[in-house]
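Data first, discussion second: the structure below is written as C-alpha coordinates.
The values are calculated or read from the model by the stated rules, or taken from the named source; none is laboratory data. Note that the structure is predicted; figures quoted are calculated from it, not measured. As a convention, Cβ positions derive from the backbone with ideal geometry for all residues, glycine included, and neighbour counts pool all protein chains shown. With ligands, DNA and RNA removed, areas are computed over all heavy atoms of the protein, side chains included. Shrake-Rupley method; radii C 1.70, N 1.55, O 1.52, S 1.80 Å.
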Amino acid sequence: MLGCKGEAVVRRWLTLVTGLLECLCFAGVVFGWASLVFVLKTEGYFSYLCVNTTGVNGTQLLDCSAQDEQFSLIFTIASFMNNFLLLPNGFLFDRFVCSFFLSALSVLLFPALSCISVGGILFLVTNMQIGNLFGSARSTIITLYNGAFDSSSALFLIIKLLFEAGISLRASFLFLAACGIIHLVRTFLLLPRTHIPYPLPEGYTYGINCGQTKTFSPEQTAAIAMATFWECFLSKFFLWHLVWLSVMQLRHYLFIGTLNPMLQRLTQGEPSLVSTYTNAFAVTQLCGVLCAPWNGLIMDRHKGKPRATGVSEKEADLRASVLSLTLTALQCVLFSICASTPFLSLQYLTFVLQVLNRSFLYGGNAAFISIAFPPCHFGKLYGMIMALSAVVALLQYPCFTLVKGVLGGDPLYVNIALTLLSLLAFIHPVCVYLHCCGLAAQRGKPKDTLPSRSS
(Lines give C-alpha, C1' and ligand atoms only; values in the text may rest on other atoms or scores of the structure.)
Protein backbone atom coordinates (compact mmCIF):
# COMPACT_ATOMS: atom_id res chain seq x y z
CA MET A 1 0.00 0.00 0.00
CA LEU A 2 1.03 3.59 -0.61
CA GLY A 3 2.23 5.65 2.31
CA CYS A 4 0.86 9.07 3.18
CA LYS A 5 3.38 10.79 0.92
CA GLY A 6 2.59 8.46 -1.95
CA GLU A 7 -1.15 9.02 -1.52
CA ALA A 8 -0.62 12.78 -1.58
CA VAL A 9 1.29 12.56 -4.88
CA VAL A 10 -1.40 10.36 -6.45
CA ARG A 11 -4.12 12.73 -5.21
CA ARG A 12 -2.38 15.74 -6.73
CA TRP A 13 -2.11 14.06 -10.13
CA LEU A 14 -5.73 12.88 -9.95
CA THR A 15 -6.78 16.44 -9.16
CA LEU A 16 -4.76 17.72 -12.11
CA VAL A 17 -6.03 15.17 -14.63
CA THR A 18 -9.70 15.27 -13.60
CA GLY A 19 -9.65 19.07 -13.59
CA LEU A 20 -8.16 19.02 -17.07
CA LEU A 21 -10.92 16.70 -18.30
CA GLU A 22 -13.55 18.88 -16.63
CA CYS A 23 -12.29 22.00 -18.43
CA LEU A 24 -11.75 20.13 -21.70
CA CYS A 25 -15.30 18.77 -21.84
CA PHE A 26 -17.43 21.49 -20.29
CA ALA A 27 -15.75 24.83 -19.53
CA GLY A 28 -15.62 26.81 -22.78
CA VAL A 29 -18.31 25.17 -24.89
CA VAL A 30 -19.99 28.52 -25.55
CA PHE A 31 -17.15 29.49 -27.88
CA GLY A 32 -18.14 26.72 -30.25
CA TRP A 33 -21.08 28.97 -31.06
CA ALA A 34 -20.50 28.81 -34.84
CA SER A 35 -21.27 25.07 -34.85
CA LEU A 36 -24.40 25.51 -32.75
CA VAL A 37 -25.66 28.34 -34.95
CA PHE A 38 -25.52 26.02 -37.96
CA VAL A 39 -27.78 23.54 -36.12
CA LEU A 40 -30.12 26.25 -34.83
CA LYS A 41 -30.60 27.64 -38.32
CA THR A 42 -31.36 24.13 -39.58
CA GLU A 43 -33.92 23.76 -36.79
CA GLY A 44 -35.55 27.02 -37.88
CA TYR A 45 -34.75 29.23 -34.90
CA PHE A 46 -35.64 32.86 -35.73
CA SER A 47 -36.42 31.82 -39.32
CA TYR A 48 -39.44 34.12 -39.25
CA LEU A 49 -36.98 37.02 -39.44
CA CYS A 50 -35.85 35.97 -42.93
CA VAL A 51 -37.60 37.91 -45.73
CA ASN A 52 -37.68 37.62 -49.50
CA THR A 53 -35.93 40.41 -51.36
CA THR A 54 -35.30 41.21 -55.00
CA GLY A 55 -31.73 40.95 -56.24
CA VAL A 56 -29.90 43.12 -58.78
CA ASN A 57 -31.03 40.97 -61.72
CA GLY A 58 -34.60 40.71 -60.48
CA THR A 59 -34.03 37.33 -58.84
CA GLN A 60 -35.67 36.48 -55.53
CA LEU A 61 -33.25 36.23 -52.61
CA LEU A 62 -33.78 35.21 -48.99
CA ASP A 63 -32.41 37.92 -46.70
CA CYS A 64 -31.62 36.50 -43.24
CA SER A 65 -29.59 39.44 -41.92
CA ALA A 66 -32.14 40.01 -39.13
CA GLN A 67 -31.78 36.36 -38.10
CA ASP A 68 -27.98 36.71 -38.05
CA GLU A 69 -28.31 39.86 -35.96
CA GLN A 70 -30.42 38.00 -33.40
CA PHE A 71 -27.89 35.18 -33.14
CA SER A 72 -25.11 37.76 -32.77
CA LEU A 73 -27.02 39.39 -29.91
CA ILE A 74 -27.34 36.02 -28.13
CA PHE A 75 -23.60 35.42 -28.33
CA THR A 76 -22.85 38.99 -27.26
CA ILE A 77 -24.96 38.59 -24.12
CA ALA A 78 -23.54 35.14 -23.33
CA SER A 79 -19.91 36.24 -23.78
CA PHE A 80 -20.61 39.33 -21.65
CA MET A 81 -22.11 37.22 -18.86
CA ASN A 82 -19.18 34.80 -19.18
CA ASN A 83 -16.78 37.54 -18.14
CA PHE A 84 -18.79 40.09 -16.19
CA LEU A 85 -20.17 37.70 -13.57
CA LEU A 86 -16.58 36.79 -12.69
CA LEU A 87 -16.49 40.08 -10.77
CA PRO A 88 -18.74 38.94 -7.89
CA ASN A 89 -17.57 35.35 -8.28
CA GLY A 90 -13.95 36.47 -8.01
CA PHE A 91 -14.63 37.99 -4.59
CA LEU A 92 -16.34 34.77 -3.53
CA PHE A 93 -13.42 32.76 -4.89
CA ASP A 94 -10.97 34.61 -2.63
CA ARG A 95 -13.17 33.72 0.31
CA PHE A 96 -14.46 30.25 -0.54
CA VAL A 97 -13.34 27.65 -3.08
CA CYS A 98 -15.69 25.12 -4.58
CA SER A 99 -16.57 23.87 -8.05
CA PHE A 100 -19.84 24.96 -9.57
CA PHE A 101 -21.85 23.51 -12.41
CA LEU A 102 -24.48 25.66 -14.03
CA SER A 103 -26.07 24.25 -17.17
CA ALA A 104 -29.40 25.02 -18.74
CA LEU A 105 -31.62 23.81 -21.50
CA SER A 106 -34.43 26.13 -22.49
CA VAL A 107 -36.50 27.08 -25.44
CA LEU A 108 -35.17 30.56 -24.73
CA LEU A 109 -31.65 30.66 -26.08
CA PHE A 110 -30.70 33.83 -24.21
CA PRO A 111 -30.75 32.41 -20.64
CA ALA A 112 -29.66 28.95 -21.80
CA LEU A 113 -26.42 30.05 -23.46
CA SER A 114 -25.70 32.54 -20.68
CA CYS A 115 -25.96 29.83 -18.00
CA ILE A 116 -23.71 27.48 -19.97
CA SER A 117 -21.23 30.33 -20.40
CA VAL A 118 -21.12 31.37 -16.74
CA GLY A 119 -20.95 27.79 -15.45
CA GLY A 120 -18.06 27.03 -17.79
CA ILE A 121 -15.87 29.94 -16.75
CA LEU A 122 -16.35 28.99 -13.09
CA PHE A 123 -14.91 25.56 -13.88
CA LEU A 124 -11.81 27.26 -15.21
CA VAL A 125 -11.38 29.68 -12.29
CA THR A 126 -11.72 27.03 -9.59
CA ASN A 127 -9.35 24.64 -11.36
CA MET A 128 -6.53 27.10 -12.13
CA GLN A 129 -5.42 27.09 -8.49
CA ILE A 130 -4.28 23.47 -9.01
CA GLY A 131 -1.18 24.97 -10.61
CA ASN A 132 -0.08 25.93 -7.09
CA LEU A 133 0.46 22.21 -6.36
CA PHE A 134 3.21 22.11 -9.01
CA GLY A 135 5.37 25.12 -8.18
CA SER A 136 8.04 24.94 -10.90
CA ALA A 137 5.41 24.29 -13.59
CA ARG A 138 2.76 26.62 -12.20
CA SER A 139 2.37 28.85 -15.27
CA THR A 140 2.47 25.84 -17.58
CA ILE A 141 -0.44 24.18 -15.77
CA ILE A 142 -2.44 27.42 -15.63
CA THR A 143 -2.04 27.84 -19.38
CA LEU A 144 -2.81 24.14 -19.91
CA TYR A 145 -6.17 24.57 -18.19
CA ASN A 146 -6.89 27.64 -20.29
CA GLY A 147 -6.01 25.64 -23.40
CA ALA A 148 -8.47 22.96 -22.33
CA PHE A 149 -11.05 25.73 -21.86
CA ASP A 150 -10.45 26.80 -25.47
CA SER A 151 -10.57 23.24 -26.82
CA SER A 152 -13.87 22.51 -25.11
CA SER A 153 -15.58 24.72 -27.69
CA ALA A 154 -15.34 21.68 -30.00
CA LEU A 155 -18.15 20.12 -27.93
CA PHE A 156 -20.69 21.99 -30.04
CA LEU A 157 -19.09 20.42 -33.12
CA ILE A 158 -19.80 17.01 -31.60
CA ILE A 159 -23.39 18.08 -30.95
CA LYS A 160 -23.62 19.29 -34.56
CA LEU A 161 -22.33 15.95 -35.91
CA LEU A 162 -24.70 14.04 -33.61
CA PHE A 163 -27.57 16.21 -34.83
CA GLU A 164 -26.69 15.37 -38.43
CA ALA A 165 -26.67 11.71 -37.39
CA GLY A 166 -30.19 11.97 -35.98
CA ILE A 167 -29.59 12.79 -32.27
CA SER A 168 -31.77 15.70 -31.17
CA LEU A 169 -30.50 18.84 -29.45
CA ARG A 170 -32.72 18.04 -26.47
CA ALA A 171 -31.06 14.66 -25.91
CA SER A 172 -27.55 16.14 -26.17
CA PHE A 173 -28.19 18.91 -23.67
CA LEU A 174 -30.00 16.65 -21.21
CA PHE A 175 -26.93 14.40 -21.22
CA LEU A 176 -24.68 17.39 -20.47
CA ALA A 177 -26.96 18.39 -17.59
CA ALA A 178 -26.78 14.86 -16.14
CA CYS A 179 -22.99 15.11 -16.07
CA GLY A 180 -23.38 17.50 -13.13
CA ILE A 181 -23.18 14.47 -10.85
CA ILE A 182 -19.58 13.90 -11.93
CA HIS A 183 -18.62 17.46 -11.02
CA LEU A 184 -20.20 17.19 -7.57
CA VAL A 185 -18.35 13.96 -6.78
CA ARG A 186 -15.02 15.46 -7.86
CA THR A 187 -15.65 18.60 -5.81
CA PHE A 188 -16.05 16.69 -2.55
CA LEU A 189 -13.25 14.17 -3.14
CA LEU A 190 -10.47 16.02 -4.99
CA LEU A 191 -10.76 19.72 -4.15
CA PRO A 192 -9.74 21.44 -0.90
CA ARG A 193 -12.20 23.30 1.28
CA THR A 194 -10.20 26.52 0.97
CA HIS A 195 -7.47 27.86 -1.30
CA ILE A 196 -4.40 25.98 -2.38
CA PRO A 197 -1.70 28.39 -1.12
CA TYR A 198 1.35 29.52 -3.09
CA PRO A 199 4.19 28.97 -2.39
CA LEU A 200 3.00 25.58 -1.20
CA PRO A 201 3.84 25.07 2.51
CA GLU A 202 5.79 21.97 3.49
CA GLY A 203 3.50 19.13 4.44
CA TYR A 204 0.43 20.67 2.82
CA THR A 205 -2.38 18.13 2.30
CA TYR A 206 -6.05 18.22 1.43
CA GLY A 207 -8.95 15.86 0.91
CA ILE A 208 -9.21 12.49 2.68
CA ASN A 209 -5.79 11.72 4.17
CA CYS A 210 -4.25 8.93 6.18
CA GLY A 211 -2.68 11.49 8.48
CA GLN A 212 -3.47 14.92 9.84
CA THR A 213 -4.64 17.43 7.28
CA LYS A 214 -2.72 20.67 7.04
CA THR A 215 -4.71 23.43 5.41
CA PHE A 216 -4.29 27.17 5.27
CA SER A 217 -7.13 29.65 5.44
CA PRO A 218 -7.47 32.68 3.14
CA GLU A 219 -6.71 34.90 6.13
CA GLN A 220 -3.35 33.17 6.60
CA THR A 221 -2.56 33.59 2.94
CA ALA A 222 -3.60 37.23 2.97
CA ALA A 223 -1.25 37.91 5.86
CA ILE A 224 1.77 37.60 3.56
CA ALA A 225 0.37 39.98 0.92
CA MET A 226 2.64 42.90 0.01
CA ALA A 227 -0.09 45.13 -1.43
CA THR A 228 -3.78 45.75 -0.90
CA PHE A 229 -6.39 44.95 -3.51
CA TRP A 230 -6.90 48.60 -4.41
CA GLU A 231 -3.17 49.18 -4.79
CA CYS A 232 -3.08 46.30 -7.25
CA PHE A 233 -6.20 47.47 -9.05
CA LEU A 234 -4.91 51.02 -9.52
CA SER A 235 -1.40 49.96 -10.61
CA LYS A 236 -0.11 50.55 -14.13
CA PHE A 237 0.38 46.79 -14.52
CA PHE A 238 -3.33 46.18 -14.08
CA LEU A 239 -4.30 49.07 -16.36
CA TRP A 240 -2.13 48.04 -19.30
CA HIS A 241 -2.93 44.38 -18.77
CA LEU A 242 -6.61 45.31 -19.05
CA VAL A 243 -5.93 47.11 -22.34
CA TRP A 244 -3.85 44.14 -23.56
CA LEU A 245 -6.68 41.70 -22.83
CA SER A 246 -9.61 43.88 -23.91
CA VAL A 247 -8.49 44.81 -27.42
CA MET A 248 -7.57 41.24 -28.34
CA GLN A 249 -10.65 39.72 -26.72
CA LEU A 250 -12.90 42.11 -28.65
CA ARG A 251 -11.25 40.96 -31.88
CA HIS A 252 -11.84 37.30 -31.04
CA TYR A 253 -15.43 37.75 -29.87
CA LEU A 254 -16.42 39.64 -33.01
CA PHE A 255 -14.77 36.98 -35.18
CA ILE A 256 -16.53 34.09 -33.42
CA GLY A 257 -19.89 35.86 -33.25
CA THR A 258 -19.86 36.75 -36.96
CA LEU A 259 -18.16 33.65 -38.35
CA ASN A 260 -21.35 32.14 -39.76
CA PRO A 261 -22.48 35.25 -41.69
CA MET A 262 -18.88 35.77 -42.87
CA LEU A 263 -18.77 32.24 -44.28
CA GLN A 264 -22.21 32.76 -45.80
CA ARG A 265 -20.85 35.80 -47.63
CA LEU A 266 -17.57 34.22 -48.78
CA THR A 267 -19.25 31.00 -49.99
CA GLN A 268 -22.18 32.80 -51.65
CA GLY A 269 -24.50 30.99 -49.25
CA GLU A 270 -23.51 27.45 -50.27
CA PRO A 271 -24.64 25.27 -47.29
CA SER A 272 -22.13 22.45 -47.88
CA LEU A 273 -19.18 24.87 -47.97
CA VAL A 274 -20.44 26.70 -44.87
CA SER A 275 -20.72 23.37 -43.06
CA THR A 276 -17.21 22.31 -44.18
CA TYR A 277 -15.54 25.50 -42.98
CA THR A 278 -17.58 25.52 -39.77
CA ASN A 279 -16.37 21.99 -39.03
CA ALA A 280 -12.79 23.01 -39.86
CA PHE A 281 -13.00 25.90 -37.41
CA ALA A 282 -14.40 23.66 -34.68
CA VAL A 283 -11.71 21.02 -35.24
CA THR A 284 -8.92 23.60 -34.92
CA GLN A 285 -10.35 24.56 -31.51
CA LEU A 286 -9.28 21.12 -30.27
CA CYS A 287 -5.68 22.23 -30.69
CA GLY A 288 -6.02 24.88 -27.97
CA VAL A 289 -5.00 22.39 -25.28
CA LEU A 290 -1.87 21.63 -27.31
CA CYS A 291 -0.94 25.27 -28.01
CA ALA A 292 -1.51 26.84 -24.59
CA PRO A 293 1.20 24.95 -22.62
CA TRP A 294 3.87 26.38 -24.93
CA ASN A 295 3.04 29.78 -23.51
CA GLY A 296 3.39 28.38 -20.00
CA LEU A 297 6.76 26.87 -20.88
CA ILE A 298 7.90 30.30 -22.09
CA MET A 299 6.89 31.83 -18.75
CA ASP A 300 8.39 28.97 -16.70
CA ARG A 301 11.63 28.66 -18.68
CA HIS A 302 13.70 30.28 -15.92
CA LYS A 303 12.38 28.07 -13.11
CA GLY A 304 15.00 25.84 -11.53
CA LYS A 305 17.85 28.00 -12.79
CA PRO A 306 20.02 30.12 -10.48
CA ARG A 307 19.03 33.78 -10.37
CA ALA A 308 21.39 36.73 -10.40
CA THR A 309 22.22 38.31 -7.08
CA GLY A 310 19.39 40.47 -5.78
CA VAL A 311 16.83 39.26 -8.34
CA SER A 312 13.59 38.14 -6.66
CA GLU A 313 11.41 35.33 -7.97
CA LYS A 314 8.71 37.85 -8.88
CA GLU A 315 11.13 39.93 -10.92
CA ALA A 316 12.36 36.84 -12.75
CA ASP A 317 8.76 35.84 -13.47
CA LEU A 318 7.94 39.30 -14.79
CA ARG A 319 11.00 39.35 -17.03
CA ALA A 320 10.04 35.94 -18.43
CA SER A 321 6.50 37.17 -19.12
CA VAL A 322 7.67 39.92 -21.51
CA LEU A 323 8.27 37.46 -24.36
CA SER A 324 4.90 35.80 -23.77
CA LEU A 325 3.00 39.10 -23.78
CA THR A 326 4.76 40.27 -26.94
CA LEU A 327 4.20 37.04 -28.87
CA THR A 328 0.51 37.08 -27.95
CA ALA A 329 0.07 40.63 -29.27
CA LEU A 330 1.94 39.76 -32.48
CA GLN A 331 -0.22 36.68 -33.04
CA CYS A 332 -3.37 38.79 -32.67
CA VAL A 333 -2.24 41.27 -35.32
CA LEU A 334 -1.44 38.47 -37.77
CA PHE A 335 -4.76 36.77 -37.03
CA SER A 336 -6.66 40.02 -37.54
CA ILE A 337 -4.94 40.68 -40.87
CA CYS A 338 -5.88 37.21 -42.16
CA ALA A 339 -9.45 37.54 -40.89
CA SER A 340 -9.73 40.88 -42.70
CA THR A 341 -8.71 39.38 -46.04
CA PRO A 342 -11.81 38.25 -48.02
CA PHE A 343 -10.37 35.04 -49.48
CA LEU A 344 -12.16 31.84 -48.52
CA SER A 345 -9.18 29.46 -48.65
CA LEU A 346 -7.14 31.83 -46.45
CA GLN A 347 -9.61 31.26 -43.61
CA TYR A 348 -7.94 27.92 -42.82
CA LEU A 349 -4.84 29.89 -41.80
CA THR A 350 -7.09 32.33 -39.95
CA PHE A 351 -8.55 29.46 -37.92
CA VAL A 352 -5.07 28.22 -36.97
CA LEU A 353 -3.88 31.69 -35.91
CA GLN A 354 -7.12 32.27 -34.02
CA VAL A 355 -6.84 29.18 -31.84
CA LEU A 356 -3.11 29.76 -31.28
CA ASN A 357 -3.63 33.36 -30.23
CA ARG A 358 -6.70 32.63 -28.12
CA SER A 359 -4.90 29.89 -26.18
CA PHE A 360 -1.94 32.24 -25.55
CA LEU A 361 -4.26 35.12 -24.64
CA TYR A 362 -6.31 33.56 -21.84
CA GLY A 363 -3.53 31.38 -20.46
CA GLY A 364 -1.16 34.34 -20.43
CA ASN A 365 -3.80 36.53 -18.81
CA ALA A 366 -4.29 34.21 -15.84
CA ALA A 367 -0.57 33.42 -15.53
CA PHE A 368 0.42 37.10 -15.51
CA ILE A 369 -2.10 37.97 -12.80
CA SER A 370 -0.83 35.06 -10.70
CA ILE A 371 2.80 36.25 -10.86
CA ALA A 372 2.36 40.05 -10.82
CA PHE A 373 0.00 40.32 -7.84
CA PRO A 374 -0.39 38.68 -4.41
CA PRO A 375 -2.11 35.26 -4.52
CA CYS A 376 -4.76 36.35 -2.00
CA HIS A 377 -6.13 38.82 -4.57
CA PHE A 378 -6.08 36.49 -7.57
CA GLY A 379 -9.82 35.81 -7.67
CA LYS A 380 -10.79 39.46 -7.23
CA LEU A 381 -8.32 40.77 -9.79
CA TYR A 382 -9.09 38.02 -12.29
CA GLY A 383 -12.80 38.66 -11.89
CA MET A 384 -12.32 42.42 -12.15
CA ILE A 385 -10.23 42.31 -15.31
CA MET A 386 -12.58 39.86 -16.99
CA ALA A 387 -15.61 41.96 -16.02
CA LEU A 388 -14.09 45.19 -17.33
CA SER A 389 -12.96 43.50 -20.53
CA ALA A 390 -16.52 42.18 -20.93
CA VAL A 391 -17.81 45.75 -20.98
CA VAL A 392 -15.38 46.52 -23.83
CA ALA A 393 -16.47 43.32 -25.59
CA LEU A 394 -20.04 44.66 -25.78
CA LEU A 395 -18.77 46.78 -28.69
CA GLN A 396 -19.01 43.66 -30.85
CA TYR A 397 -22.76 44.07 -31.27
CA PRO A 398 -22.71 47.68 -32.51
CA CYS A 399 -19.83 46.66 -34.78
CA PHE A 400 -21.96 43.87 -36.20
CA THR A 401 -24.91 46.24 -36.60
CA LEU A 402 -22.66 48.76 -38.36
CA VAL A 403 -21.48 46.11 -40.81
CA LYS A 404 -24.99 44.88 -41.56
CA GLY A 405 -26.40 48.39 -41.88
CA VAL A 406 -24.22 51.28 -43.00
CA LEU A 407 -21.47 49.14 -44.56
CA GLY A 408 -23.88 46.93 -46.47
CA GLY A 409 -22.50 43.65 -45.14
CA ASP A 410 -18.85 44.42 -45.93
CA PRO A 411 -16.77 44.21 -42.70
CA LEU A 412 -13.50 45.48 -44.27
CA TYR A 413 -13.39 48.87 -42.56
CA VAL A 414 -14.37 47.43 -39.17
CA ASN A 415 -11.68 44.75 -39.53
CA ILE A 416 -9.05 47.37 -40.37
CA ALA A 417 -10.06 49.44 -37.33
CA LEU A 418 -9.83 46.40 -35.04
CA THR A 419 -6.42 45.48 -36.45
CA LEU A 420 -5.12 48.97 -35.69
CA LEU A 421 -6.70 48.79 -32.23
CA SER A 422 -4.86 45.51 -31.59
CA LEU A 423 -1.56 47.37 -31.81
CA LEU A 424 -2.30 48.88 -28.39
CA ALA A 425 -1.55 45.45 -26.90
CA PHE A 426 2.18 46.00 -27.47
CA ILE A 427 2.24 48.75 -24.81
CA HIS A 428 1.85 46.23 -21.98
CA PRO A 429 5.01 44.13 -22.61
CA VAL A 430 6.99 47.34 -23.10
CA CYS A 431 5.70 48.58 -19.73
CA VAL A 432 6.72 45.34 -17.99
CA TYR A 433 10.14 45.38 -19.65
CA LEU A 434 10.81 48.97 -18.56
CA HIS A 435 9.74 48.08 -15.01
CA CYS A 436 12.25 45.22 -14.92
CA CYS A 437 14.96 47.50 -16.29
CA GLY A 438 14.13 49.97 -13.52
CA LEU A 439 14.54 47.26 -10.86
CA ALA A 440 17.90 46.29 -12.35
CA ALA A 441 19.01 49.93 -12.31
CA GLN A 442 18.03 50.25 -8.64
CA ARG A 443 20.24 47.31 -7.73
CA GLY A 444 23.15 49.14 -9.29
CA LYS A 445 22.65 52.21 -7.07
CA PRO A 446 24.61 52.73 -3.82
CA LYS A 447 23.06 51.08 -0.77
CA ASP A 448 22.25 54.41 0.86
CA THR A 449 20.02 55.32 -2.08
CA LEU A 450 16.36 54.64 -1.27
CA PRO A 451 14.61 52.65 -3.99
CA SER A 452 11.41 54.06 -5.45
CA ARG A 453 8.20 52.14 -4.89
CA SER A 454 7.49 49.62 -7.66
CA SER A 455 4.17 49.08 -9.33
So, with points 7 Å from each Cα along the Cβ direction, the Leu344-Trp230 label distance in nm works out to 5.8
When the Cα centres of segment 342-391 and segment 120-192 are compared, how far apart do they sit, in Å?
-> 17
Got a number for carbon plus sulfur as a percent of segment 319-455's accessible area, 1.4 Å probe?
-> 75
Write down the accessible area per residue of segment 372-448 in Å², having rolled a 1.4 Å probe over the full set of protein chains.
-> 46
Here the gain from full extension of Leu424 to Leu334, 0.36 nm per residue of separation minus their alpha-carbon distance, amounts to 31.0 nm
Aspartates and glutamates near Lys314 by alpha-carbon distance under 16 Å, same-chain residues fewer than 8 away left out - which ones?
-> Asp300
Can you pull the one-decimal nm distance between simple spin-label points at Tyr413 and Glu43, each 7 Å off the Cα toward Cβ?
-> 3.7
